[in-house]
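Below is one structure; the comments refer to it alone.
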Amino acid sequence: MRFDTVIIGGGLAGLTAGICLQQEGRSCAIVSTGQNALHFFSGSFESVEAPTPRMSDLFTQAGIAVHYSPGVRLMPLGTFRPAALSLSDVTLAETPKFARKVLIVNFLGYQDFFTTFLADGLEREGMSCRIATLDLPETGQIMSSPSEMRSVQIARVMDRAWEKAVQEVRILLKDEDTVILPQVFGLNDSSVPERVRQAIPARVIFVGTLPPSVPGIRTQQLLKRRFEVLGGTYLSGDEVLQAHLHDGAVHSIVTRNLGSHYLEADHFILASGGFFSKGLKSNPFQVSEPVFGLDVRQAGDRSAWYDPDFKADQPYLQFGVETDEALHPLLGGRPVRNLYAIGSVLGGTRPELGTGAGLALRSAFAAADGILESPVIPNEA
Amino acid sequence: MNTPDTFDVIILGGGITGAGTQRDCAMRGLRTLLIERSDIATGATGRNHGLLHSGARYAVNDAESAAECIKENMILRQIASHCIEETDGLFITLPEDDLGYQKTFVESCRRAGIDAQVIDPDLARRLEPSVNPDLIGAVRVPDGSVDPFRLCAANMLDAKLHGGQVRLHTEVTGFIREGDAITGVHTVNRQTGEKRDFHAPVVVNACGIWGHRMAGLAGVNVGMFPAKGALLIFAHRVNNLVINRCRKPSNADILVPGDTVCIIGTTSTRIPFEECDSVAVTPEEVDLLITEGAKLAPSLSSTRILRAYAGVRPLVSADDDPSGRNISRGIVCLDHEQRDGLKGFVTITGGKLMTYRLMAEIATDTVCRKLGVDKPCTTAVTPLPGSEEKSYEAVAKRIWESPSMAQKAAAARLGTSAERIRSGNRLDDALVCECEEVSVGEIENAVERLDVSTLTDLRRRTRVGMGTCQGEFCACRAAGLLARAHGCTAQARADLQDFIQERWKGNFPIGWGDTLREAEYTQWVYKHVLGL
């Protein structure tokens, strides 16, 4: 099978690059293992100070509601963090004291939302809090199985029963000016969070839960849909086993599901993520990149990989694939000319591109531009 | 004087020796107080193999310890059945070992009263499919595994049921003296800062390796020998029988199955006293444990490692052997009145997890003699709370009729005490820890009945966060429950930080492969998603 570009990895970086290329009429295939960092997305795009018009267009066209106002956001354990570009689920406030009286609402039996931590954090900022629980028959059903009360299961129920939850919150509400709810709204129906906001006569703030992240999964689905609407091919649940290189360039890749049907392309993009996503692999002696065996910047001795203090910056998070200026990764010291590395597989090797979501977006745009600027190679077939 | 702060005996140290001594003293009718600087089982008690020694390991070099071990082994099977698993063990001879040693070994075992049966290597391979198939000899012995946290908690619970009091997270800052006698201790609560004095005519020093410091605080010297031992926990239970090497005791030659995991150890390195509070496992130790472990069970080399940890053996120094391995693990009970002219102070040390009950009996005999109390020890024949019935499956059936997996797991952990767990409704039955199947009800039981004040305390009582995910999410859920139970969220948040740090301490020495994947994930979840 032949495409203009084959992208390895279907997270934020891979999908962004794929959308940019499809928009310009380049046929793309994305090979995705299925899970990616968007499933653990906090809702705020890290290291993005202000959105560029290109980012705004990307989100608007995909139907992803974002907003931008530098401020602080309330985190799941009751602390506050600076944030700027965020999904509209995330409320950005100018100061931590954003309310007077707060009603914190949880679902009965849901352990992955930390009401007492939140109340404590808010009270320390001088707000008064009340905690209440919703006991809906709809969530009660999933509760009868002892390990089912998790974010995605509740979100599935809320996609159809959110109005009932809203009714209950209205009854619970006394004189509070703000209501805090867990981020379990709008898994498949992205209009739900806004409709919940409109329907409750107080300011509504959605706060994160333990993963998986419902807004993160929704974002991933919307980006994937946009990519497919533009004509892209998304191969889910597949894994790259091997790559064929010829004369300093990638010729094709082999995947588990497609077997002998190699994926050929003029350009390849490696967006396979960091350690958790298996974009980087490690053994007791070294860190490696498993698909192409690319050069990885790392500390030599294992004892230099870590800081014994968990809170400190961990050296291993800086490890990543080495590239030239144009994001062509190095193999044996020489750039692979039709391959680009983007997103977390770069680790901290390209500090000018930021970290996390910022790194994913900026490097994806840069790789897409690199491909679009290069002349179209006529298809041999 | 008979005030709330006055007791017959004060026991210092919340390890198994202290807990066992408190239980024995309490069962002989004494008013007891146990004081522990940190939590239960934080020293050598919780940092070993969890091996229910048959004594075979010591049979050749230390006949006395071997005989003590097998006797206590048989007693623990009766009184602590919910804390132990009767797995049996193998002593295998590999091609590079001297098969001639087997004969000496078996003869020494029999002299010590240990039922050691030479079996055919083929039978050994059938009994234990994970064993190194190249073995040329095998001996079967009555080894087993023991959960030291559970054992410690059960002893303390029984002491409390007999009127004992326990003060955890309380540090002794000095001794109260009257002339040439110790009559009590000054303490400070490390969580609240509260200072308080407690009085008793006898104080027992059961602080393990820290007993050296405690004795120094009392003005007497107990020469000790801190020997660090490093161990690795694997994410699967690859073996069902304990596997030992049939040779002179050496590094990394015991593999013990326990609950859902197995543990390889250990090493032996002399360390300075200052390092006892912060022992770390080195890359060299990790490499050695993996290499030697794979000789016992080859599949270990491809099994995920969950955690590395190290403990300090409280050996009493006897000679100048630099390895510390040839020192007798014999029990040492010092009556400082006879030894140093200091009345009211007793040190119980040396020994092993296996012989804790005997150590407690000896210490309690000494205390009773000092107090003029004449009551016999009954700890060898009285089951610990939880061990009144032997089969945990039968216990689970009696309590719940048709128990769930989680309820069976709870019965295995708590024995008959599992009947105290609130259950039967969807809120209490909800799982906090999915790896180890710990329910909300079981957590609340531990918080209410087992002196839990921090998340790490909870881990030792319930196995929350000890499974394959090492507390990725259940730590947060449990912290939420603790915050609710104690009404102090700031403390619970600090706890969560401590818990994650403690987890990382055991992870970075083995930080590659899946462990590094999990570590990156934890960094992401706790720093970026949760904002801890």
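Tabulated results
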{"read-out": "Radius, Kirkwood style, for region A:66-211 when every pair of distinct Cα atoms is counted (Å)", "value": "15.3"}
{"read-out": "Inverse mean reciprocal Cα-Cα distance (Kirkwood Rh) of chain B, Å", "value": "23.7"}
{"read-out": "Projected area averaged over orientations for region B:157-255, convex hull of C-alpha atoms, nm²", "value": "11.1"}
{"read-out": "Tilt relative to chain A, helix A:115-124 - C-alpha long axis, 0 to 90 degrees, to 10", "value": "80"}
{"read-out": "Helix A:214-229 vs. chain A, principal-axis angle (Cα, 0 to 90°, nearest 10)", "value": "40"}
{"read-out": "Residue-averaged 222 nm ellipticity for the protein assembly as shown, from DSSP H runs of 4+ at -39500 (n - 2.57), nearest 500", "value": "-10000 deg cm²/dmol"}
{"read-out": "Contour minus Cα-Cα distance for B:Arg177 and B:Glu401 (0.36 nm per residue)", "value": "75.0 nm"}
{"read-out": "Vicinal HN-Hα couplings computed from phi for region A:176-186 (Karplus, 6.51 cos²θ - 1.76 cosθ + 1.60; Hz; Gly/Pro x)", "value": "6, 8, 9, 10, 10, 10, x, 6, 10, 10, x"}
{"read-out": "Per-residue Cβ neighbour rank within 10 angstrom, fewest leading, A:Arg160, A:Arg150", "value": "A:Arg160, A:Arg150"}
{"read-out": "Inter-label distance, nm, simple model (7 Å from Cα along the C-beta direction), A:Glu228/B:Phe273", "value": "6.9"}
{"read-out": "Whichever lysines have a C-alpha closer than 19 Å to that of B:Lys397, once near sequence neighbours (fewer than 8 apart) are set aside", "value": "B:Lys408"}
{"read-out": "For the protein assembly as shown, share of DSSP beta bridges that run antiparallel, in % to the nearest 5", "value": "60"}
{"read-out": "Ranked B:Val316, B:Val9, criterion: other C-beta atoms within 10 Å, fewest first", "value": "B:Val316, B:Val9"}
{"read-out": "Inter-site label distance for A:Leu245 and A:Ile171 at 7 Å from Cα along Cβ, in nm", "value": "6.5"}
{"read-out": "B:His169, B:His53, A:His261 arranged by Cβ crowding within 10 Å, fewest neighbours leading", "value": "A:His261, B:His169, B:His53"}
{"read-out": "Hits among lysines - C-alpha to C-alpha of B:Lys71 under 17 Å, sequence gap 8 or more where chains match", "value": "B:Lys352"}
{"read-out": "Cα-based radius of gyration of region B:105-184 once divided by 2.2 N^0.38 Å, which approximates compact folds", "value": "2.03"}
{"read-out": "Region B:362-510: radius of gyration and largest Cα-Cα distance (Dmax), Å", "value": "18.4, 54"}
{"read-out": "Relative packing of peptides B:121-129, B:252-260, A:224-232 - highest average C-beta neighbours within 10 Å first", "value": "B:252-260, A:224-232, B:121-129"}
{"read-out": "Inverse mean reciprocal Cα-Cα distance (Kirkwood Rh) of the protein assembly as shown, Å", "value": "30.3"}
{"read-out": "Partners for B:Lys195 among lysines (Cα-Cα distance below 29 Å; same-chain residues under 8 apart left out)", "value": "B:Lys160, B:Lys343, B:Lys370"}
{"read-out": "Degrees separating the helix A:12-23 axis from the principal Cα axis of chain A, which is the longest one", "value": "70"}
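Computed from the coordinates by the stated procedures, all read-outs in this text should not be read as laboratory data. The structure presented is a predicted model; accordingly, all values stated were derived computationally and were not measured. Note that we place each Cβ from the backbone using ideal geometry, even for glycine, and neighbour counts take in every protein chain shown.
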